[in-house]
Amino acid sequence: MISNQILQDTIEGIKSITRIDLCVMDTEGKALASTFTAADEYETAVLAFVNSPADSQVLQGCQFFKVSDDNQLEYIILAKGETDDVYMIGKIAAFQVQNLLVAYKERFDKDNFIKNLLLDNLLLVDIYNRAKKLHIDTDVRRVVFIIETKNEKDNNALETVRSIFSTKTKDFITAVDEKNIILVKEVKQNETYEDMAKTASVIVDMLNTEVMTQVHVAYGTVVNEIKEVSRSYKEAKMALDVGKIFYENRNIIAYSNLGIGRLIYQLPIPLCKMFIKEIFDGRSPDEFDDETLTTINKFFENSLNVSETSRQLYIHRNTLVYRLDKLQKSTGLDLRVFEDAITFKIALMVVKYMKYMETLEY
């Protein structure tokens, strides 16, 4: 259905050209958009017109017109005045709203198709039959982007994304839940994953500038056929999850660049628990104090370099060595030894993954 704001903008645009007042009412006589006040005075007249067989009529000093969709009456257009010019403008307004109905219906049908395509709700034969009816190319290269916003139902963010890609008629913007905006983007033959990263950066920058909101963008791999679009969506969804768990400092994450996080994300929870019990003997890294955790993270950031880590922590080298010795006694792992450091790093990532999965259960 067309939004009231779109209807308002449409009739205001026509009035600015013709100087004829217009009103759009529903079939119950309620004003949806109007360029003049006291539109409610015509409620009784609208109800009478709805029940009449006429497509147009003059009532209470206004020209009345019906707008239908598939023989279903949707709107009543009022044009204020009784002259032939007013009649002509009223017909033009009705024609414009009729075209809007057709356009929005087509967009709605395409939107539903894309949603069902992403969620694997269509049989293979239905995918190609419906794509043909909706004039959607089936053999175009595409990639799926997921844009996660901070706020649920962020219409401003959705409209901003639409404005960025509005000229790309083969791109589709939709949503399958409250927080995520989905962009199914056509990819040209000469475009690479570097171009995908640039597109993601544009989205992040635009939403940050225009809507003043922080977002996370994830994208899958490029697919060649329409039936594979759901795979790219699943990849983008996985990339978004992996990014939130292991790479919280990144606001753009690609499925093709998930690193070790990809492996850990696919581990069964019982196996993770067994591994953590083996490494920490039932103790959780959460039990380490802030000083110890800061030391560990900084040590990893500096590639196990004792001198650089102590410099950045503003502590004496011996103090850092003391902390590492203390950690070795409590865990049996010496972070100065590469193999122990790798084991410890993976264990910390596994713990992050387990915590994330716990939050999904509640």
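The values are calculated or read from the model by the stated rules, or taken from the named source; none is laboratory data. Keep in mind that this is a model prediction, so the values were computed, not measured. We place every Cβ from the backbone using ideal geometry, glycine too, and count neighbours over all the protein chains shown. Areas reflect the complete protein model, heavy atoms only, side chains present, ligands, DNA and RNA absent. Shrake-Rupley method; radii C 1.70, N 1.55, O 1.52, S 1.80 Å.
Here ILE253 meets the list (1) buried (at least 16 other Cβ atoms within 10 Å of the Cβ); (2) part of a helix (DSSP H, G or I) almost entirely, failing just condition (2). Taking every residue in region 124-152 that is within 23 Å of THR192 (Cβ to Cβ) and pairing it with any residue that is small (Gly, Ala, Ser) and modelled with pLDDT of 90 or more, at least 6 positions away or on another chain, the pairs with Cβ-Cβ distances below 6 Å are VAL143/SER232; VAL144/GLY220; VAL144/SER232; VAL144/ALA236; ILE146/ALA218; ILE146/ALA236. Picking from residues in region 1-38 that are over 38 Å from the mean Cα position of the chain (by Cα) and under 17 Å from ALA94 (Cβ atoms), the one that is surrounded by the fewest Cβ atoms within 10 Å (Cβ to Cβ) is THR18. TYR233 fulfils the conditions (1) of a type in the set (Phe, Trp, Tyr); (2) in contact with a strand residue (DSSP E or B) (Cβ under 8 Å, 6 or more places away or on another chain); (3) not in a helix (DSSP H, G or I) except for a single criterion, (3). No other residue among LYS170, LYS188 is closer than 24 Å to ASN257 by Cα, assigned to a loop (DSSP other than H, G, I, E, B) and touching an Asp or Glu at 6+ places or on another chain (Cβ under 9 Å) apart from LYS188.
The residues in region 304-323 that are surrounded by fewer than 18 Cβ atoms within 10 Å (Cβ to Cβ) and either of a type in the set (Gly, Ala, Ser) or assigned to a helix (DSSP H, G or I) (or both) can be counted, and the count is 10. A search for C-beta distances below 7 Å between a residue of region 184-202 that is among the aromatic types (Phe, Trp, Tyr) and any residue that is in a helix (DSSP H, G or I), counting only pairs 6+ apart in sequence or on different chains, returns TYR193/SER256.
The residues of region 139-154 that are surrounded by 13 or more Cβ atoms within 10 Å (Cβ to Cβ) and more than 17 Å from the chain's Cα centre (by Cα), listed by number, are VAL140, ARG141. Only a single item in (1) at pLDDT 90 or above; (2) part of a loop (DSSP other than H, G, I, E, B); (3) open to solvent by 30 Å² or more (accessible area, probe 1.4 Å) is not met by ALA197, and it is number (2). THR37 falls short on exactly one of the conditions (1) farther than 14 Å from GLN96 by Cα; (2) of a type outside the set (D, E, K, R); (3) outside any helix (DSSP H, G or I); (4) modelled with pLDDT of 90 or more, and that condition is (4).
If you go through region 86-125 and keep only what is of a type in the set (Asp, Glu) and closer than 27 Å to ASN71 by Cα, you end up with GLU106, ASP109, ASP111.
Each row is one residue, and each column tells you yes or no for (1) among the polar types (S, T, N, Q); (2) loosely packed, with under 13 Cβ neighbours inside 10 Å; (3) touching a residue at least 60 places away in the same chain (Cβ under 8 Å).
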| residue | (1), (2), (3) |
| --- | --- |
| ASN249 | yes, yes, no |
| GLY261 | no, no, yes |
| PRO270 | no, yes, no |
| LEU293 | no, no, no |
| THR331 | yes, no, no |
| MET357 | no, no, yes |
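Scanning region 101-134 for residues that are touching a helix residue (DSSP H, G or I) at 6+ places or on another chain (Cβ under 7 Å), surrounded by 14 or more Cβ atoms within 10 Å (Cβ to Cβ) and in a helix (DSSP H, G or I) turns up PHE113, LEU117, LEU118, ILE127, ARG130, ALA131.
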